[in-house]
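Report on the structure given below.
The values are calculated or read from the model by the stated rules, or taken from the named source; none is laboratory data. Keep in mind that what you see is a predicted model, and the values were worked out from it rather than measured. Note that each Cβ is placed from the backbone with ideal geometry, even for glycine, and that neighbours are counted across all protein chains shown.
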Amino acid sequence: MPPPVREAMARQIVSHRSDDFRRIVGRITSRLIAHFECAEKPLLFTASGTGGMEAAIANTIPRGQRILAVQVGAFGERFADIARAHGAHVIDMRISYGRAAEPDELRKAIRRAYPINAVLLTHNETSTGVLNPLAELARVVREESEALVIVDAISSVGAVPLRMEQWGIDVVVTVTQKALMSPPGIAIIGVSKRALDVAAKPFNTSYYFNFIEMRRALADDTTTFTPAVTTLFALDIALKIIEHEGIENVWKRHRQLAESCRKGLAALGLRCFTERGAESPTVSAFVVPAPWTATAIRQQLEREHNVFVSQGRKEWKEKIIRIGHMGYVTQLDIDDVVSAVAQTMGGRHIRDREPQRVNAAE
Ligand SMILES: *Cc1c(COP(=O)(O)O)cnc(C)c1O
């Protein structure tokens with residue numbers, strides 16, 4: 001988190017019904033509109049991202065409804081599991097790890113699954129470093145069906161453009177602690193008019209996570225219940241910093257840093273796990289060459305360089321390393337990480353390439 005965001009968290013707590021706090025909530029929701037490009041104020045629920053995903057399902061998918069869950073990795077699978085837990089009839093569309101979902105594949109899957117009431121999509125699949133072509137995927141859903149388009153954009157909002165209105169998206173879930181460079185605590189949900197019409201129906205038994213009630217409260221710049229006040233202090237400042245840098249500049253910085261990260265790793269002879277063209281602007285995944293294990297690399301980076309990276313999920317646990325570069329990240333951070341990887345793996349990585357040292361001063 002940037003220093004001013006951390007400082008905002010040291011403030012005395014105020015009543016969440018005070019005028020002071022209403023001004024903060026008002027600023028936050030109006031600034032968030034630029035990140036969702038939506039017509040409605042985004043909703044603020046006190047929860048982590050997964051809570052937001054559950055809220056999205058609970059408010060828009062009646063039990064027994066047929067939905068298509070597009071899964072390109074672990075977080076897409078989680079979304080499908082949540083829908084199943086809520087009694088949806090889930091039809092799975094699974095894509096192998098490292099690949100993005102293709103619009104034509106989705107079109108075929110929708111035709112096979114038809115009729116369907118909703119499609120679950122992941123904008124940026126953090127577990128594999130894949131950015132799905134969300135605009136194209138949403139367009140296919142709208143061309144082929146009346147289904148709601150429900151998107152986990154937890155690791156993309158704040159780093160990658162997302163245009164709810166223009167792309168015809170109904171529900172977008174994100175969270176404070178990823179590219180919005182704030183502490184965890186608030187799930188942010190963009191909703192379309194269509195999604196709100198569904199959420200207003202009697203099947204919706206959500207109480208704490210009720211979209212309609214939260215929308216009513218936010219019309220008065222307040223939340224239904226006591227929110228994570230400190231997290232909102234921090235988010236207020238983080239959104240101001242992003243606005244100051246310019247949201248387009250922030251998107252561009254993420255693209256450039258991701259490219260720089262991938263280039264740095266490629267120069268070390270490491271292979272990108274993600275298929276070409278689908279690489280995420282917020283997380284880069286590389287293949288761990290034998291005889292290394294991902295655990296050994298992760299531990300050494302943490303112990304010797306104070307660099308924290310992630311491993312793969314499930315069967316990919318020892319086979320890939322993931323480097324996050326979202327939010328408060330600069331070129332210096334990328335240089336540090338690539339240089340730490342070079343020092344850690346130096347000489348013992350893929351043998352058919354001459355090892356090259358990364359010059360951190362470049
Ligand atoms: C981090 C993440 C989540 C989970 O969020 P929590 O805040 O840990 O519940 C879900 N989906 C994606 C794509 C994520 O990156």
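Would you point out the residue of segment 257-276, among those that are under 18 Å from the mean Cα position of the chain (by Cα) and of a type outside the set (Val, Ile, Thr), that is farthest from residue 75 (Cα to Cα)? Write out each step before concluding.
Just the residues of segment 257-276 that are under 18 Å from the mean Cα position of the chain (by Cα), to begin with: 257-258, 274.
Retained after the next criterion (residues that are of a type outside the set (Val, Ile, Thr)): 257-258.
On the way: 257: 23, 258: 21 Å.
Ranking the candidates gives 257 first.
Restricting to segment 19-52, name every residue that is surrounded by fewer than 16 Cβ atoms within 10 Å (Cβ to Cβ) and of a type in the set (Asp, Glu).
Hits for segment 19-52 are 19, 20.
Answer yes or no as to whether residue 174 is away from the ligand (no atom under 16 Å from the Cβ) and buried (at least 17 other Cβ atoms within 10 Å of the Cβ).
The answer is no for residue 174.
Could you grab me the full set of residues in segment 66-80 that are part of a helix (DSSP H, G or I) and within 11 Å of the ligand (Cβ to nearest atom)?
74, 75, 76, 77, 78, 79
Could you pull out the residue among 151, 119, 141 that is surrounded by 24 or more Cβ atoms within 10 Å (Cβ to Cβ), of a type in the set (A, V, I, L, M, F, W, C) and within 11 Å of the ligand (Cβ to nearest atom)?
On the way: 119 fails: within 11 Å of the ligand (Cβ to nearest atom); 141 fails: within 11 Å of the ligand (Cβ to nearest atom).
After ruling out the rest, the residue left standing is 151.
Restricting attention to segment 303-321, which residues are more than 24 Å from the chain's Cα centre (by Cα) and under 12 Å from residue 341 (Cα atoms)? Spell out the reasoning first.
Pass one, segment 303-321, residues more than 24 Å from the chain's Cα centre (by Cα): 303-306.
Answer for segment 303-321, where residues must be more than 24 Å from the chain's Cα centre (by Cα) and under 12 Å from residue 341 (Cα atoms): 304, 305, 306.
Within segment 221-267, how many residues turn out to be loosely packed, with under 15 Cβ neighbours inside 10 Å, more than 28 Å from residue 321 (Cα to Cα) and among the charged types (D, E, K, R)?
3
Contact list please: Cβ distance under 8 Å, first residue in segment 70-93 and closer than 22 Å to residue 317 by Cβ, second residue modelled with pLDDT under 95 and not in a helix (DSSP H, G or I), pairs at least six apart or on different chains.
That search, which allows pairs on different chains as well, returns 73/313; 74/313.
Here's the yes/no breakdown for (1) under 28 Å from residue 25 (Cβ atoms); (2) within 10 Å of the ligand (Cβ to nearest atom); (3) part of a helix (DSSP H, G or I):
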site	(1), (2), (3)
53	yes, yes, yes
64	no, no, no
90	no, no, no
99	no, no, no
106	no, no, yes
137	no, no, yes
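What pairs come up if the first residue lies in segment 186-212 and is within 24 Å of residue 155 (Cβ to Cβ) and among the hydrophobic types (A, V, I, L, M, F, W, C), the second is modelled with pLDDT under 95 and surrounded by 14 or more Cβ atoms within 10 Å (Cβ to Cβ), and their beta carbons are under 8 Å apart, counting only those six or more places apart or on different chains?
191/40
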